[in-house]
Amino acid sequence: MGKNVEFKRPDGQSVQGYLAEPANASGAPGVVVLQEWWGVNPQIKGVADRFAAAGYVALVPDLYRGKSTVEAAEAEHLMTNLNFGDAAGQDVRGAVQFLKSRCPKVGVTGFCMGGALTLLSAVNVPEADAGVVWYGFPPLEYIDASKIKIPLLGHYAIHDTPFPIATVDQLEEKLRAAKVNFEFHRYDAMHAFANETQVGANRLPITEYKPEAAATAWERTLDFFGKHLR
């Protein structure tokens, strides 16, 4: 369904990405889809394909420059070595600008590490029109909420160990104080509850695929993007 493309960052560097397009791409809104810490793998490409099937032009920027893994230790290493400020301000912004050249409105969404980057993009990517965060946040001191001008939707898991729900409470307070237009939902689930590959022997102890929660969150995401991007 999708294809590999190349786009430019604001600083002129080239980045590869996976682009999935709807049957009728003319005038369709865009969504930049940000990976979990595993990299650009079949699962995250599948998310882009689902957005395309729902009528969006979806682009997954390759933040790890071709690397991906199924090993948690290597994923942690790749994520730790990622410059988040550069990824949000350059890679994600370049991806949004690339879609903006053809789509009237563009949203950003991301999972886990990509969720943290979605929040940073809400601060650092003025071209974005809406953001949907799936169970992630950066250290809260990196979020200048006064710069967030776009509506945000958040999906958070009550039993999330890497991204504790108590910190989500603090994040909400911060956004509320800055009068950000946001709507957060909480799910009785563990981390990465919408990742259908987190089952059986593949599952990390901190993760668990919850089909009902995943379906509800996806429906809310399409409603939200439909309202703000169409």
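The values are calculated or read from the model by the stated rules, or taken from the named source; none is laboratory data. This is a predicted model, so every value here is computed, not measured. Because the Cβ atoms are built from the backbone with ideal geometry, glycine has one as well, and the counts that use them run over all protein chains shown.
Answer yes or no as to whether Ala52 is surrounded by fewer than 24 Cβ atoms within 10 Å (Cβ to Cβ), assigned to a helix (DSSP H, G or I), without any contact (Cβ under 8 Å) to a residue 60 or more places away in the chain and of a type in the set (A, V, I, L, M, F, W, C). Considered against the rule, which asks whether it is surrounded by fewer than 24 Cβ atoms within 10 Å (Cβ to Cβ), assigned to a helix (DSSP H, G or I), without any contact (Cβ under 8 Å) to a residue 60 or more places away in the chain and of a type in the set (A, V, I, L, M, F, W, C), Ala52 comes out as yes. Of the candidates Ala122, Ala189, Ala157, the single residue that is more than 20 Å from Phe51 (Cβ to Cβ), buried (at least 24 other Cβ atoms within 10 Å of the Cβ), of a type outside the set (Lys, Arg) and touching a strand residue (DSSP E or B) at 6+ places or on another chain (Cβ under 9 Å) is Ala157.
Confirm whether Val47 is of a type in the set (Val, Ile, Thr), modelled with pLDDT of 95 or more, surrounded by 21 or more Cβ atoms within 10 Å (Cβ to Cβ) and not in a helix (DSSP H, G or I). Give the steps one after another, and end with the answer.
On the way: of a type in the set (Val, Ile, Thr): yes; modelled with pLDDT of 95 or more: yes; surrounded by 21 or more Cβ atoms within 10 Å (Cβ to Cβ): yes; not in a helix (DSSP H, G or I): no.
Answer is no for this residue.
Quick check on my filter: what residues within the stretch 20-37 are closer than 15 Å to Leu63 by Cβ and assigned to a strand (DSSP E or B)? Full working, then the answer.
Taking the stretch 20-37 as the starting set, the residues that turn out to be closer than 15 Å to Leu63 by Cβ are 32-37.
Across the stretch 20-37, the qualifying residues are Val32, Val33, Leu34.
Considering each residue of the stretch 160-189, count those that are in a loop (DSSP other than H, G, I, E, B) and touching a Leu at 6+ places or on another chain (Cβ under 8 Å), and give that number.
First pass over the stretch 160-189, keeping only residues in a loop (DSSP other than H, G, I, E, B): 160-164, 178-181, 188-189.
Keeping just the survivors that are touching a Leu at 6+ places or on another chain (Cβ under 8 Å) gives 180-181.
Total meeting the criteria: 2.
When Val106 is tested against (1) buried (at least 24 other Cβ atoms within 10 Å of the Cβ); (2) farther than 17 Å from Thr221 by Cα, just one condition goes unmet, and that condition is (2). Any chance the stretch 97-110 includes a residue that's in contact with an Asp or Glu (Cβ under 7 Å, 6 or more places away or on another chain), among the β-branched types (Val, Ile, Thr) and not in a helix (DSSP H, G or I)? Yes. Taking the stretch 219-230 as the region of interest, how many residues are touching a residue at least 24 places away in the same chain (Cβ under 8 Å) and outside any loop (DSSP other than H, G, I, E, B)? Residues in the stretch 219-230 being touching a residue at least 24 places away in the same chain (Cβ under 8 Å) and outside any loop (DSSP other than H, G, I, E, B): 7 in total.
In the set Ala25, Ala53, only one residue is out of contact with any His (no Cβ under 7 Å at 6 or more places or on another chain), hydrophobic (A, V, I, L, M, F, W, C) and modelled with pLDDT under 95; that residue is Ala25. Among the residues of the stretch 55-92, those that are among the acidic types (Asp, Glu) and either part of a helix (DSSP H, G or I) or surrounded by 15 or more Cβ atoms within 10 Å (Cβ to Cβ) (or both) comprise Asp62, Glu74, Glu76, Asp86, Asp91. Note on the stretch 203-218: residues that are farther than 25 Å from Ala53 by Cα, in contact (Cβ under 8 Å) with a residue 24 or more places away in the chain and either in a helix (DSSP H, G or I) or out of contact with any Asp or Glu (no Cβ under 9 Å at 6 or more places or on another chain) (or both) total 1.
Among the residues of the stretch 114-159, those that are hydroxyl-bearing (Ser, Thr, Tyr) and either in a strand (DSSP E or B) or in contact with a Phe, Trp or Tyr (Cβ under 7 Å, 6 or more places away or on another chain) (or both) comprise Tyr135, Tyr156.
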